[in-house]
Amino acid sequence: MELTAQQIADILKGTIEGDPTISVTTLSKIEEAEKGSLTFLANPKYTQYIYATNASIVIVNNSFSPDKPVTSTLIRVEDSYSAFATLLDAYNQIKQNKKGLSKLASISASASLGEDCYVGEFVSIGNQVQIGNNVKIYPQCYIGDNVIIGNNTIIYPGVKIYSDNEIGNDCTFHAGVVIGSDGFGFAPQSDSNYKKITQIGNVKIEDNVEIGANTIVDRATLGSTIIRRGVKLDNLIQVAHNVEIGENTIIAAQTGISGTTKIGKNCLIGGQVGIVGHLVIADGVKIAAQSGVGSSIKEEGTMVQGSPSFDISTYRRSYIHFKNLQKIVTRLNKLEKNQKKP
Amino acid sequence: MELTAQQIADILKGTIEGDPTISVTTLSKIEEAEKGSLTFLANPKYTQYIYATNASIVIVNNSFSPDKPVTSTLIRVEDSYSAFATLLDAYNQIKQNKKGLSKLASISASASLGEDCYVGEFVSIGNQVQIGNNVKIYPQCYIGDNVIIGNNTIIYPGVKIYSDNEIGNDCTFHAGVVIGSDGFGFAPQSDSNYKKITQIGNVKIEDNVEIGANTIVDRATLGSTIIRRGVKLDNLIQVAHNVEIGENTIIAAQTGISGTTKIGKNCLIGGQVGIVGHLVIADGVKIAAQSGVGSSIKEEGTMVQGSPSFDISTYRRSYIHFKNLQKIVTRLNKLEKNQKKP
Amino acid sequence: MELTAQQIADILKGTIEGDPTISVTTLSKIEEAEKGSLTFLANPKYTQYIYATNASIVIVNNSFSPDKPVTSTLIRVEDSYSAFATLLDAYNQIKQNKKGLSKLASISASASLGEDCYVGEFVSIGNQVQIGNNVKIYPQCYIGDNVIIGNNTIIYPGVKIYSDNEIGNDCTFHAGVVIGSDGFGFAPQSDSNYKKITQIGNVKIEDNVEIGANTIVDRATLGSTIIRRGVKLDNLIQVAHNVEIGENTIIAAQTGISGTTKIGKNCLIGGQVGIVGHLVIADGVKIAAQSGVGSSIKEEGTMVQGSPSFDISTYRRSYIHFKNLQKIVTRLNKLEKNQKKP
């Protein structure tokens, strides 16, 4: 991709200050930008870099007024950050240009695919699968029998979707994601063996959900494990059977949610959090990283920390005292010594 | 799958109360069941749902005596929960109906497979591999050279088994499982580099072991990493080199076990637990979720919590005081103030 | 592989004590060695085993002087541990004998591969990919467009490398590794939805890096996520966007590093550690397992523990008092009671 300052200014409806014929081939941060790259200045903290950058073109706010000479060509716009984001999206569209069904994929005759889909090499698509329009399935993915996938969903290499699961529109699943593996359910037997409890439910993932690499969503024992619209799951997360995660909840990497727990909408859950099974977490709850949630949280917007977790400000106060426990014990020793004095 | 009430009653040796010709196509929970589905009532807490359910058929205990009219057809049996479990297994058998060796798989001429095996598309089976009867290997699995797999084992899509490992009968490995990757062993060199220690051992997995999605069992440096019969590992677990896990031990998701640690049989280990290397954990030990086990546990049936972990009831008492540390410090302040008074 | 005592002694320049024609087919630990296996004795703690071992051949130090009769054939060398390591490497070389480009791989016409490469079945190699000499790519790997891979790198089955990433020489990536998945970046919108921030940066991995199974390195938002030479990452680790990890740093399994954090060289980071984003960790820092690092660590060689973490010796002292909090509270109760007395 090679674009001139003039072409970019036309896209962004901006004004050029410098050489309209100068061209760029890549996007960079202002502090790392080399010749041939385009960058932007939005945060005033980074203003210093514009005087030293090697970027060929810098997008700046109309309000930007340099203190020293700038060698890069400038494109002035109302909001440089938004303008850059617009260009990022355009750049990404060009990257995501894969099209067509590979002859090296295995697609069941009973599967249906919409228009403009991409199916890469060594993908396996099972019987009665229904795939919408403009879906991109990268190499080596597995789409089991009876799976339904909506429009515009992107499935990166090596994703495994077991049979009978339902995926919405505009979702993105990263490499190694597993959808619909068996829930972890075993009934103890009299001889200390365990008997597997057959897991015949499925997973339902609504629209606009992003799931990070190697994250797992287990199928329900009966019924469905449900990920509501707008949920964002980071990498290496465990979502157990029959869990429900509410709309627009964000969960950071390596968190685990045990079976049948129901999480509200608009929650923010940190990394490496563990949540035990059969709980209900209210809307808008915030859980600090590495916390262990052992009981339901009923009040909306509650913030918790600790393992087991409790109110975050109480936790932080207790933790300061924990750091000082040696001093506390020393004070106790002294009190005891003084008290013994006649 | 479509079955009538009469067919189901025949399988379960039950009595029909209602329409013997009514048919079902799916299994559901009683509180979610729609027309066309079969459900059951075992737990008295759910009795209320039977009067409102849309299920076409409900399996109930012989002892069930309705207080109000029930619209569903009932099938009465001695133990409705067991009867439903029997049907679940039958349903699952029908689901697991994949058969034959895909022409799109790569199977070494020197590999041997037993009867009634399934090998899916894009599976790679190496030299001298020995596979028993009725083994199901889903698409995109990798079975390295010299691997041995027993009878009736199910290997879901994308499992990677490195060369020279041994898998027993009746095992289930979920998508993304890795068996036999190198143990994490590096010898520090004088120049602060590290030299890899070659890992030439293997992994031995006995019968009736279930391993969850994206869980990893590393190969031994020398000798074997061993998973004994009946062990159940949840998703995203790390089992390091030369670990041994005893019979029927259950481990929840995201737990990590460091090198050369030996875990007894019938243990229950929670999620996100970490166990350091070279320890011995006795039989029947229970480890609370998110604990960090830093030393061997010699007494059978011990229960521990904390990071580092210690006796669970002591931990819980300490943790209550931890939550109240602010109050404890306030009391200390007061004592000191009082003592200073003349 | 079958070798006689004479052949091994020739390789190691050692002296035989016993039968020079006896042969071995495998390598074992001294305490587990069976007939037909080769082992070694280096650590004096294991001397007892040499009198009972069934090993056909044992490599011992020149200085070894048995107290009782030994039935195995001995090969005496200056340093038995080093000699065994030399044999291990030779053994491994023979194991790693895969060669050639599989006809069942999909390799873009615009990709270039060096000499002596191995590309296994169902590998997908994209456009403009550049691969060096003696690179081994096992079955079912995905190498996206424009990826660059140096010489002698080994990529085990099912690794997924997204487009535009750069991998150095002499690296080893285990099964299920994901390189270059999108960083977890979403901008909150006014309607409580989130808008994905396009991640157009890449990942740069320098020479001699080993990455464990199912570990993930996300691509940068802009610029690069960087893993410096000699870094060793264990299994199931999360490395977020724009992280930088310094030379020869070692990180144990299931640790997570949040976005834009910069870790120094020669650090030792335990398992299940979490590090929050935008921090700087100095060289040579040691972080105990399960710690949560919440602020930058500026002093080289600092050792920390806890969640949030602080100085390790203070943590350990505080933790001892934490275990004894019941006793501390009992002492406080007694002090109060005594003080109230007239």
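The values are calculated or read from the model by the stated rules, or taken from the named source; none is laboratory data. Since we're looking at a predicted model, the values are computed, not measured. Positions of Cβ are backbone-derived with ideal geometry, glycine not excepted, and every protein chain shown enters the neighbour counts. Areas reflect the complete protein model, heavy atoms only, side chains present, ligands, DNA and RNA absent. Shrake-Rupley method; radii C 1.70, N 1.55, O 1.52, S 1.80 Å.
What 222 nm value per residue comes from the helices of chain B, counting each DSSP H run with n ≥ 4 as -39,500 (n - 2.57) and dividing by all residues, nearest 500 deg cm²/dmol?
Dividing the helical sum by the residues of chain B leaves -5000 deg cm²/dmol.
Quick one: ranking C:LYS29, C:LYS232 by accessible area, 1.4 Å probe, largest first, what do you get?
Ranked from most to least accessible, the order is C:LYS29, C:LYS232.
Between the stretch A:194-261 and the stretch C:61-138, what is the C-alpha centre distance in whole Å?
40 Å
If you place +1 on the Cβ of every Lys and Arg and -1 on the Cβ of every Asp and Glu, how big does the dipole about the Cα centre of the stretch C:3-95 come out, in debye to the nearest 20?
Computed about the Cα centre, the dipole is about 80 debye.
Using only alpha carbon positions, build the gyration tensor of the stretch C:120-258, then give the equivalent ellipsoid semi-axes as the square roots of 5 times its eigenvalues, largest first, whole angstrom.
Square roots of five times the eigenvalues give 25, 17, 13 Å.
Enter the Cα centre distance for the pair the stretch C:290-342 and the stretch B:274-339, rounded to the nearest angstrom.
12 Å
Could you check how much of the accessible area of the stretch B:100-315 is carbon and sulfur, as a whole percent, using a 1.4 Å probe?
47 percent
Return, ordered by residue number, the residues of the stretch C:102-136 whose backbone nitrogen is under 15 Å from a label point located 7 Å along Cα→Cβ of A:LYS103.
Output list for this probe position: C:104-109.
Could you give the distance between the Cα centres of the stretch C:1-45 and the stretch A:152-175, to the whole Å?
That distance is 52 Å.
Taking K and R as +1 and D and E as -1, what net charge do the other residues with C-beta under 10 Å from the C-beta of C:ASN338 add up to?
Here the count lands on +3.
Based on Cβ point charges of +1 for Lys and Arg and -1 for Asp and Glu, what charge dipole magnitude is obtained for chain A about its Cα centre, in debye rounded to the nearest 20?
Around 1980 debye, computed over chain A.
Using a Gaussian network for chain C with springs between C-alpha atoms less than 10 Å apart, which of these wobbles most: C:LYS265, C:LYS160, C:LYS195?
C:LYS195
What net charge do the residues around C:LYS195 carry, taking every other residue with its C-beta under 13 Å from that of C:LYS195, with Lys and Arg at +1 and Asp and Glu at -1?
Overall, the nearby charge balance is -2.
Using a 7 Å offset from the Cα along the Cα-to-Cβ direction at both C:ALA187 and C:GLU299, what is the distance between the two label points in nm, to one decimal?
Going by the 7 Å Cα→Cβ label model, 4.2 nm.
Compute log10 of I(q)/I(0) for the stretch A:3-95 with the Debye formula, placing one identical point scatterer on every Cα and leaving out solvent, at q = 0.17, 0.18, 0.19 Å⁻¹, to two decimals.
-0.62, -0.70, -0.79
Stokes-Einstein at 20 °C, 1.002 mPa s, Kirkwood radius from Cα pairs: D for chain A in µm² s⁻¹?
My calculation gives 90 µm²/s for D.
Take the Cα of A:LYS95, step 7 Å along the line toward its Cβ, and report every residue of the stretch C:137-152 whose backbone nitrogen sits under 18 Å from that point.
Within reach of a label on A:LYS95, which here means backbone N under 18 Å from a point 7 Å along Cα→Cβ, the stretch C:137-152 contributes C:142-149.
Would you calculate the separation in nanometres between label points at B:ASN43 and B:THR25, each defined as 7 Å from the Cα along the Cα-to-beta-carbon direction?
In this crude spin-label approximation the distance works out to 2.9 nm.
I'd like the residues of the stretch B:168-207 whose 1.4 Å-probe accessible area shrinks by no less than 50 Å² going from the isolated chain to the full set of protein chains.
B:HIS174, B:PHE184, B:PHE186, B:TYR194, B:THR198, B:ILE200
Select from C:GLN189, C:GLY18, B:VAL203 the residue farthest towards the positive end of the dipole of the protein assembly as shown; place +1 on Cβ of Lys and Arg, -1 on Cβ of Asp and Glu, and compute about the Cα centre.
Going by the Cα projections, it comes out as C:GLN189.
Dipole size in debye (nearest 20) for the stretch C:188-342 around its Cα centre, Lys and Arg Cβ +1, Asp and Glu Cβ -1?
It comes to approximately 1140 debye.
Per Stokes-Einstein, at 20 °C and 1.002 mPa s, what whole-number D in µm² s⁻¹ belongs to the stretch A:223-334, with the Kirkwood radius over Cα pairs as the hydrodynamic radius?
147 µm²/s
With every protein chain left in place, what is the accessible area of C:ARG316 in Å² (1.4 Å probe, nearest 10)?
130 Å²
Listed here are the pairs A:LYS195/A:LYS262; B:LYS13/B:LYS68; A:LYS262/B:LYS13; B:LYS286/C:LYS286; which of them are more than 32 Å apart at the Cα?
Over 32 Å apart, Cα to Cα: A:LYS262/B:LYS13.
Could you run the numbers on buried accessible area between B and C, total for both chains, 1.4 angstrom probe, in Å² to the nearest 100?
Using a 1.4 Å probe, the pair buries roughly 4700 Å².
Once all Cα-Cα distances of the stretch A:188-228 are split into 10 Å bins that start at 0, what whole-number percent is in each one?
Reading the bins upward from 0: 25, 36, 24, 12, 3.
Select from the stretch A:116-160 all residues whose loss of accessible area on going from the chain by itself to the full protein assembly reaches 50 Å² or more (probe 1.4 Å).
By number: A:PHE122, A:GLN140, A:TYR142, A:LYS160.
Once you have the Cα-Cα distance between A:ASN338 and A:LEU268, take 0.36 nm times their residue separation minus that, and quote the gain in nm to one decimal.
20.2 nm
In square angstrom, what is the accessible area per residue of the protein assembly as shown with a 1.4 angstrom probe?
Value for the protein assembly as shown: 41 Å² per residue.
Once all Cα-Cα distances of the protein assembly as shown are split into 20 Å bins that start at 0, what whole-number percent is in each one?
Spelled out bin by bin, the protein assembly as shown gives 12, 40, 34, 13, 1 percent.
Run the quick spin-label model on C:ASP10 and B:ILE148: label points 7 Å from Cα toward the beta carbon, then report their separation in nm to one decimal.
So the label points at C:ASP10 and B:ILE148 sit 3.2 nm apart.
Please report, ordered by residue number, every helix of chain B (full DSSP H runs) that is 20 Å or longer along its axis going by C-alpha atoms and whose mean Kyte-Doolittle hydropathy reaches -1.0.
Once both thresholds are applied, what remains is B:80-95.
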